[in-house]
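Engineer: Just dropping this structure here.
The values are calculated or read from the model by the stated rules, or taken from the named source; none is laboratory data. All values reported here derive from a predicted model rather than from experimental measurement. Every residue, glycine among them, receives a Cβ derived from its backbone with ideal geometry; neighbour counts consider all protein chains shown.
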Amino acid sequence: MDVRDALLARYSVRAFLDRPVDLDLVRDMLKVVARAPSGGNLQPWTVHVLAGDAIERFKALIASKMDAGVVEKPEFNVYPPQIWEPLRGRRSTAARKRFEACGLVEGPETTRLMQRLNYSFFGAPVGLFFFLDRRAGPPQWGDVGMMMQSFMLLALDHGLATCPQEIWSNWPRSIAEFMNVPDDLMLYSGMSLGYADHGAAINSFRTDREPLQSFSHFHGD
């Protein structure tokens, strides 16, 4: 698969097959995507990987905390506090398509169901968490994003699927405690990794992209 095809084929998979992923393959993929660019070659990322018994115990922990009404304070806003148009509309449209694909109606119960799916890694056998030093700034956050995108594209080349999940920022303390992450590291995002269930309704829709002229400006010949 060439890069162009991978970029066009990638989407956030929200239902995975009950099929294990070779962790040696994951290790090799992480070695390769460590070639992702970073300003000054800082390589500001730290990655923790959950699989097997560990991911099952972690999912059970989060489920039990949700059942008990536990809430943790996120360390950053995934979306701007007062999101504006056209960003608000794009987010709402994407959510509506996701609900419609599953035959669901938007509302509190549907939102809770989607949260449960998120916090189960959508059934994926592998979960990844991406961290960076708390002293890092916006440029380093961008570096980690480029590394994650590189990982998602490489996953496609191996027949794997992914879903980046910044929603895990809602559980910073539980994640850090479960994996003994040092206090000087801050969680940026999680990610589900596995083999896509192409027959699942939630995987049947695709989000739209804005036309080129709406976001690009060319200067000169």
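Engineer: Of everything in region 60-77, what is exposed (fewer than 12 other Cβ atoms within 10 Å of the Cβ) and among the aliphatic types (A, V, I, L, M)? Give them in sequence order.
Structural biologist: Answer for region 60-77, where residues must be exposed (fewer than 12 other Cβ atoms within 10 Å of the Cβ) and among the aliphatic types (A, V, I, L, M): Ala60, Ala68, Val71.
Engineer: Of (1) at pLDDT below 95; (2) surrounded by 15 or more Cβ atoms within 10 Å (Cβ to Cβ); (3) within 18 Å of Gln165 (Cβ to Cβ), Ile55 satisfies all except one. Which?
Structural biologist: For Ile55, the exception is condition (1).
Engineer: The conditions are (1) among the polar types (S, T, N, Q); (2) closer than 28 Å to Glu56 by Cβ; (3) at pLDDT 95 or above, and Thr111 fails exactly one of them. Which is it?
Structural biologist: Checking Thr111 against (1) among the polar types (S, T, N, Q); (2) closer than 28 Å to Glu56 by Cβ; (3) at pLDDT 95 or above, the one that fails is (3).
Engineer: Still on this structure, I have one more. Looking only at region 71-80, decide whether some residue is assigned to a loop (DSSP other than H, G, I, E, B), among the hydroxyl-bearing types (Ser, Thr, Tyr) and within 24 Å of Ser214 (Cα to Cα).
Structural biologist: yes
Engineer: For Arg35, all conditions in the list (1) touching a residue at least 60 places away in the same chain (Cβ under 8 Å); (2) over 18 Å from the mean Cα position of the chain (by Cα); (3) in a helix (DSSP H, G or I) hold save one; what is the number of the exception?
Structural biologist: Tallying (1) touching a residue at least 60 places away in the same chain (Cβ under 8 Å); (2) over 18 Å from the mean Cα position of the chain (by Cα); (3) in a helix (DSSP H, G or I), Arg35 fails exactly one: (3).
Engineer: Here are some conditions: (1) modelled with pLDDT of 95 or more; (2) over 17 Å from the mean Cα position of the chain (by Cα); (3) not aromatic (Phe, Trp, Tyr). Thr46 meets all but one. Which one does it not meet?
Structural biologist: (2) is the only condition that Thr46 fails.
Engineer: Out of all the residues in region 1-32, which are of a type in the set (A, V, I, L, M, F, W, C) and in a loop (DSSP other than H, G, I, E, B)?
Structural biologist: Hits for region 1-32 are Met1, Val13, Ala15, Leu17, Val21.
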